[in-house]
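Please treat every number below as a calculation from the coordinates, not as lab data. Computed from a predicted structure; not experimentally measured. For neighbour counting, all protein chains shown are included, and Cβ atoms are generated from backbone atoms with ideal geometry for every residue, glycine included.
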Amino acid sequence: MTVATSLLLAGCATESTTSGAGGAEQEADAASTEDTGSEDTQSADPAETTSAEEPEDDEGESEAAPTVEASGPSPRLAVTYDGGVMVLDAMSLEVEGEMKAEGFVRLNPAGGGRHLFLSEGDAFRLLDAGTWSEPHGNHHHSYTTAPQLTDLTADGSHPGHVVRHGGATALYFDGAGRIDMLDPAELDASAGELPVTESVEVQDPHHGVAVLLEDGSLLQTVGTEDERTGAMVTGPDGEQVAMTDECPGVHGETVAEGEAVVLGCEDGPVVFADGSFSKVEAPDDYARTGNVAGSEESHVVLGDYKVDEDAELERPERVALIDTDTAQMQLVDLGTSYSFRSLARGPEGEALVLGTDGELHVIDPESGEITEEIPVVQEWEEPMEWQQPRPTLFTMGQFAYVTEPASSEIHIVDLATMAVIDSATVPHAPNEISGVTGDVEAGHAGEGEDHEGEDHEDHDHEGEDS
């Protein structure tokens with residue numbers, strides 16, 4: 001990698017989240033693990049880190065990994081593979097550590113600049129990426145250390161979506177019917193427990209999602225194990241302030257400019273803004289949106305768009321642009337299909353879609369015009385099983401990261417120049433990808449500092465809701 005590229009990457013200070021895919025929101029994504037039984041998933045040993053190994057003293061006890069001060073924030077990537085998770089330097093794509101985890105695991109950004117959650121079995125487990133910054137007067141000090149998969153877990157049946165917003169991270173347990181709210185600024189791998197500030201019981205357990213809004217209100221989906229119908233918002237006092245039952249099959253959440261929240265439905269999305277819900281009319285009777293990607297730089301949300309209710313796996317070629325100001329939808333024909341891990345947003349709110357033609361399609365969210373088509377990977381086909389690896393898109397700052405499992409590569413696209421600037425082969429075929437900025441975590445910013453809010457995205461997949 002060139003010095004210029006490294007300097008550009010060092011400047012990344014915002015992340016697109018996967019609730020979170022994908023921020024990014026990514027999330028990424030934080031779709032349900034209900035198809036992975038806990039009996040098939042074994043917890044990883046935090047000591048089993050195959051690179052950046054900890055030395056042992058004369059008595060055989062492990063010593064703490066050294067902490068190194070860096071010249072600035074050091075963004076890192078987390079990438080799952082069959083057998084574990086890798087943590088990579090986002091500037092050089094060098095592997096900083098590998099941690100074993102049996103079974104299929106999911107990646108969920110935890111909020112802030114250092115941690116992620118690994119969904120395994122019936123728990124969210126904290127992954128310390130080993131990069132962070134601390135405020136010091138009018139500047140920051142940045143540090144790195146070896147990443148570790150900690151023993152800190154939030155336990156509950158069928159851990160599902162993770163959403164970061166409103167200064168909190170919401171962990172949703174589909175089977176337990178519980179929402180755990182935690183303070184991401186207080187996450188500490190050396191602590192004895194996670195900083196859970198509140199647990200909310202859901203009326204009927206279902207595959208759902210929750211978002212804490214800036215005013216302390218809580219938006220959550222409504223449904224049962226058999227049917228999901230809509231969403232409601234309760235105020236800080238617990239009293240209901242808004243409700244909608246116009247969202248059959250509700251799935252997918254994202255936050256756009258002005259804190260407008262979009263939820264995916266089977267007949268057109270719904271928008272929550274200015275204290276009320278609005279229904280977005282779709283041109284087809286069955287018009288399913290289950291993956292949405294928003295940006296605080298844009299009032300338009302990017303979503304997938306499926307119209308075949310009976311398909312075992314629909315490979316759509318159109319995406320939806322949902323205007324949260326007008327509650328209207330515009331469809332864009334890409335001329336190629338894409339998967340649930342193909343949607344993201346750029347630093348200026350650009351709508352990004354990774355097509356099966358191998359190109360990254362850049363869409364102007366206002367006009368719907370496809371402004372760039374950047375060749376990144378070889379042509380590919382979405383696998384029938386949603387857990388199987390496929391090229392995946394994740395954005396952080398001005399850079400898009402694209403995995404290519406067939407060649408065990410990761411590619412970096414500079415969204416400022418719209419060009420691939422680096423590629424690297426990694427030790428394992430990559431599956432899910434997410435990342436952290438290594439910047440000052442939310443709630444720890446010094447006086448007079450400006451930190452942009454996080455984007456949010458959410459992922460869905462065929463077969464999960466059947």
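Side notes on the structure shown:
- Global geometry of the stretch 215-284, whether rounded, prolate or oblate, following the gyration tensor of its Cα atoms and the 1.5 cut on a/c: oblate
- Amide hydrogen proximity for residue 90: with H placed 1.01 Å from N in the peptide plane, the residues at 5 or more positions away or on another chain lying under 5 Å are 76, 77.
- Relative to the Cα centre, the charge distribution of the stretch 201-315, modelled as +1 at Lys and Arg Cβ and -1 at Asp and Glu Cβ, gives a dipole magnitude of about 180 debye.
- Farthest positive-ward along the stretch 119-225 dipole, Cα basis, beta-carbon charges - from 140, 216, 154: 140
- A cut-off under 9 angstrom between Cβ atoms defines the neighbours of residue 430, and their net charge, with Lys, Arg +1 and Asp, Glu -1, is -3.
- Convex hull volume per residue for the stretch 88-129, taking Cα atoms only, in Å³: 76 Å³
- Cα gyration tensor category, rounded, prolate or oblate, for the stretch 123-174 with a/c compared to 1.5: oblate
- Summing charges over all other residues whose Cβ lies under 11 Å from the Cβ of residue 143, with Lys and Arg as +1 and Asp and Glu as -1, gives -1.
- Across the stretch 340-374, the residues whose backbone nitrogen lies under 14 Å from the label position 7 Å along the beta-carbon direction of residue 311 are 340-341, 356.
- The stretch 86-237 shape via C-alpha gyration tensor axes, a/c threshold 1.5: oblate
- Taken one residue at a time, the phi angles of the stretch 251-267 give Karplus couplings (6.51, -1.76, 1.60, θ = phi - 60°) of 6, x, 9, 7, 10, 10, 3, x, 6, 7, 9, 10, 10, x, 9, 8, 9 Hz. Gly and Pro are set to x.
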